[in-house]
Amino acid sequence: MKEFLAKSYPRETIQEHTEKLLENCNLLKSTYPNLNIDWDMLYMACLYHDLGKINEKFQNRIKFGTKEENEVLHGILSLAFIDYNKLEDSGCSNEDISVLFNAIGYHHDRKIDFSLKDVKDEIKLLYNELEDFKWDRLSEITLNKTIDADFFVLKDRIYRTRDGEEMFFKYVMLKGLLNRIDYAASAHLPVEGKSDFLESCMEKLLDKWKLENPEADWNSLQRFMVKNRDNNTIVAAQTGMGKTEAGLLWIGDNKGFFTLPLKTAINSIYNRIINNIVTDDFKDKVGLLHSGIMSIYLNTQKEKDEEIDVYEYYNRTKQLSLPLTICTIDQIFDFAYRYKGFEPKLATLAYSKVVIDEIQMYSPLLLSYLIAGIKFITQMGGKFSILTATLPKFVVEILESEGIDFVCPKEGPFIDTSKTRHSINVIQDTINAKYVKGLYNENKVLVICNTVKKAQEIYRNLKDDGEIENVNLLHARFIINDRKKKEEDILKLGDKDSKGCGIWISTQIVEASLDIDFDVLITELSDLAGLLQRMGRCYRNRRSEGEDFNCHVFIGTDNEKCSGVGRIIDKDIFNFSKEAIKDKRGIFTECEKMDMVDKVYSIDKLKNTKYYESFINNKEYLEKIEDFEKDKQEIQKIFRNIDSETVIPIGVYNENIHKIEECIKIIDKKFEKNMDENEKRKLKYSKIHSKDELMGFTVNVSGDEARNNKHMEDLKINRYEIIPIITCEYDNEIGVVFLNNDKTEYKNGKSFNSF
């Protein structure tokens, strides 16, 4: 019998591959039986999606590597096998059949450089192969002479605006789940894991707390989230109230995504969850999703000292198959552009619950994607919870105007009125090292600057002074190896039980969701929301008596603004924030903070600003673009709002050239045909470790900085990847310094990877 292959590595027939899809289809149905999907249609999509691969051109290419011109995509040819007459007789509507045809036809969304005549000619040739294609599941195979235009038109689509939202969402769900199932089958992985553990894990966490304090219980915020598990929620709560636990309680035994803006915060929460909450079989339950997860997974393997198939863990995370995923929004919300191939993400979020933490940190561009994404998710049945310490009022007003249902606590923000944590001193001057030095008294001092350049300046001045021994610097312009160590060190000193002392100077990267507690905060004003987040890193759960200031805020002078204003910080919002805070001195209650945020961030206040104009323009553009207009690669770059480049400083390259070359040699090593599975596995892991080791020497800078300071040659990793080498000063204390050009213009306010 003739063999028809679906995959060449590992070698797998069409029948074998499709059986794996059907197994995963059944797994998905048993795990989430109440999904808004026609299970019979999904079964048919899985059954028929690859039958077009029996064509001779595909088989020659996959078996012998011979590529012929005008090869028709196998997904299109698969449509010729669908008996639509039988479907109509069984009661399927033309709309449902059209959805099925489009889901199969475009399940691989590649360029169509062939004509309808090519399709018809190739279908004729399929008759030559049918006699040799045997499969018990299809004892009788129908092959139509052409593809009925009532159900599928080449190079056309099912569009939301033309065909209506109901049909469009049916298509997204069917095609998206077909893709998820297909990808999982190809990787020999389960498409989903059961979300049946988080509620019991949270109860075990509470039991653990009760061993230390018999009176321990969920607080008012956490009880509210449990009560509203079936609702979309928007909740503001002060720092230190257990928002992470509240978000996990709201997700409960459902598929969930927990999003934050900063990788540092995401890594911290991931570690808290796998070490304190979901400790058993965590690799089957909790994933971490951002651009640097492989390094975190490798470190987790070392720390846990247990066998973890890191490659499988990584693939399951990337395929969104784990029950709980901690991630940045660019990893899941880029679907808002509806680019070619967006369907798996939206289909997954349609049966998921998404927690959005620290929403105030997003630029207008990212915020517009977030709002558009929330609208699509809720229309398809998914749920969201905005859970944040600082809630810009205009976000609530926009969601209300979009007709999106959500619940807010009637009692307002969740605030612990029994404890006043902060006493504030507002200083009309620019931040300086002399002031920092004057407040150091064998205590823990956190200094937060708006820009890397200003943080480096304060650090240098304190180090040059030489009187304080433990002075440290953390920002985003350290290579990964150095930054990792610094993040560990600031978490150690900032631990509430730490008895150490010293000064840490940093930027916005410590602003959100880091469980650190310093004695004194000295900061530049960025904007009011950012200021309140920064204050949450000082006296996190302690009472301030108000006799001594523990938060010192520099707001600049009439002639000299705080660093970054007008570039990374919106000028109008800075001025509104400065006006609101300038006369504040002494105790600063949580109620005062929330009231001030409402006044500064209302639509009425922001409507004439460039910030709000940018948000509205982005939002309207998203609504106007046509479905499938963009390509995924283009959107990933646009969506992140980052013109950034991963580079290696010339000094780092020269110091580590032999190690770097050794890593590249292993990364570029080819799999040999005579390798057995064990040898292939070993090489695969060597490649992963080497890539991780290589990336440890890299740092992200802006695209302009990379171009303006480019060394003569790039570092070639393989034929697909290069890493630019840049000319700059670098050491592990100060980070990257550009000698001639240290000014970067940032658009649309904060960009969360710029710090």
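What to note about this one:
- Selected residue (criterion: most open to solvent (accessible area, probe 1.4 Å)) from residues of the range 704-725 that are of a type in the set (A, V, I, L, M) and modelled with pLDDT under 95: Met712
- Going through (1) open to solvent by less than 10 Å² (accessible area, probe 1.4 Å); (2) farther than 25 Å from Ile356 by Cβ; (3) not acidic (Asp, Glu) one by one, Met535 falls short only on (2).
- Ile635 being open to solvent by less than 40 Å² (accessible area, probe 1.4 Å), at pLDDT 80 or above, within 25 Å of Val701 (Cβ to Cβ) and of a type in the set (Val, Ile, Thr): no
- Top-ranked residue of the range 248-282 - restricted to ones that are charged (D, E, K, R) and modelled with pLDDT of 95 or more, ranked as farthest from the chain's Cα centre (by Cα): Asp253
- Note on the range 104-124: residues that are in contact with a His (Cβ under 8 Å, 6 or more places away or on another chain) and aliphatic (A, V, I, L, M) amount to 1.
- Residue within the range 344-356 that is part of a helix (DSSP H, G or I), in contact with a Lys or Arg (Cβ under 6 Å, 6 or more places away or on another chain) and surrounded by fewer than 23 Cβ atoms within 10 Å (Cβ to Cβ) present: yes
- Listed conditions (1) outside any loop (DSSP other than H, G, I, E, B); (2) surrounded by fewer than 24 Cβ atoms within 10 Å (Cβ to Cβ) are all met by Asp548, apart from (1).
For (1) open to solvent by 10 Å² or more (accessible area, probe 1.4 Å); (2) in contact with a strand residue (DSSP E or B) (Cβ under 6 Å, 6 or more places away or on another chain); (3) in a loop (DSSP other than H, G, I, E, B); (4) within 14 Å of Ala512 (Cβ to Cβ), each residue gets a yes or a no:
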position: Gln360; (1), (2), (3), (4): yes, no, no, yes
position: Ala372; (1), (2), (3), (4): yes, no, no, no
position: Lys375; (1), (2), (3), (4): yes, no, no, no
position: Phe384; (1), (2), (3), (4): no, yes, no, no
position: Leu391; (1), (2), (3), (4): yes, yes, yes, yes
position: Glu400; (1), (2), (3), (4): yes, no, no, no
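- Taking the criterion of being within 22 Å of Glu620 (Cα to Cα) and touching a residue at least 60 places away in the same chain (Cβ under 8 Å), the residues of the range 396-431 that qualify are Val396, Glu397, Ile398, Leu399, Ile404, Asp405.
- The range 93-130 - residue that is within 38 Å of the chain's Cα centre (by Cα) and among the aliphatic types (A, V, I, L, M) and, of those, nearest to Leu154 (Cα to Cα): Ile112
- Selection within the range 486-526 - of a type in the set (D, E, K, R), in a loop (DSSP other than H, G, I, E, B) and at pLDDT below 95: Asp495, Lys496, Asp497, Lys499, Glu511, Asp515, Asp517
- Among all residues of the range 160-182, there is at least one that is in contact with a Pro (Cβ under 6 Å, 6 or more places away or on another chain) and polar (S, T, N, Q).
- For the range 35-59, a residue qualifies if it is free of Cβ contacts under 8 Å to residues at least 24 places away in the same chain and open to solvent by 40 Å² or more (accessible area, probe 1.4 Å), and the qualifying residues are Asp40, Tyr43.
- On inspection, Tyr32 passes the criterion of being touching a residue at least 40 places away in the same chain (Cβ under 8 Å), aromatic (Phe, Trp, Tyr) and surrounded by fewer than 21 Cβ atoms within 10 Å (Cβ to Cβ).
- Residue list for the range 609-632, filter: in contact with a Phe, Trp or Tyr (Cβ under 8 Å, 6 or more places away or on another chain) and either over 30 Å from Val172 (Cβ atoms) or at pLDDT 95 or above (or both): Tyr612
- Counting only helices (runs of 4 or more DSSP H) that sit completely within the range 31-78, zero hold 3 or more residues that are in contact with a Pro (Cβ under 9 Å, 6 or more places away or on another chain).
- Contact annotation: residue pairs with Cβ atoms under 8 Å, 6 or more positions apart or on different chains, pairing a residue in the range 194-216 that is modelled with pLDDT of 95 or more with a partner that is of a type in the set (Asp, Glu) and open to solvent by less than 100 Å² (accessible area, probe 1.4 Å), are Ser195/Asp253; Asp196/Asp253; Phe197/Asp253; Leu198/Asp253; Glu199/Asp253; Met202/Glu245; Leu205/Glu245; Leu206/Asp217.
- Every residue from the range 244-290 that is among the basic types (Lys, Arg), open to solvent by 20 Å² or more (accessible area, probe 1.4 Å) and touching a strand residue (DSSP E or B) at 6+ places or on another chain (Cβ under 8 Å): Lys285
- Subset of the range 119-159 (residues that are of a type in the set (D, E, K, R), touching a residue at least 24 places away in the same chain (Cβ under 8 Å) and open to solvent by 40 Å² or more (accessible area, probe 1.4 Å)): Lys120, Asp132, Lys134, Arg137, Lys145, Asp150, Lys155
- Selection status of Ala336, modelled with pLDDT of 95 or more, over 24 Å from Arg567 (Cα atoms), assigned to a helix (DSSP H, G or I) and in contact with a Gly (Cβ under 9 Å, 6 or more places away or on another chain): no
- Residue list for the range 402-442, restricted to those being part of a strand (DSSP E or B) and either farther than 15 Å from Val553 by Cα or open to solvent by 40 Å² or more (accessible area, probe 1.4 Å) (or both): Val407, Phe414
- Summed over the range 261-315, residues that are closer than 29 Å to Leu683 by Cα and of a type in the set (A, V, I, L, M, F, W, C) total 11.
- The residue that is farthest from Lys170 (Cα to Cα), among those in the range 81-106 that are of a type in the set (A, V, I, L, M) and surrounded by 22 or more Cβ atoms within 10 Å (Cβ to Cβ), is Ile82.
The values are calculated or read from the model by the stated rules, or taken from the named source; none is laboratory data. The model shown is predicted, which means the values in this text are computed figures rather than measured ones. Methodologically, a virtual Cβ is constructed for each residue, glycine included, from the backbone with ideal geometry; neighbour enumeration extends over all protein chains shown. Side chains included, ligands, DNA and RNA excluded: accessible areas come from the protein's heavy atoms. Shrake-Rupley method; radii C 1.70, N 1.55, O 1.52, S 1.80 Å.
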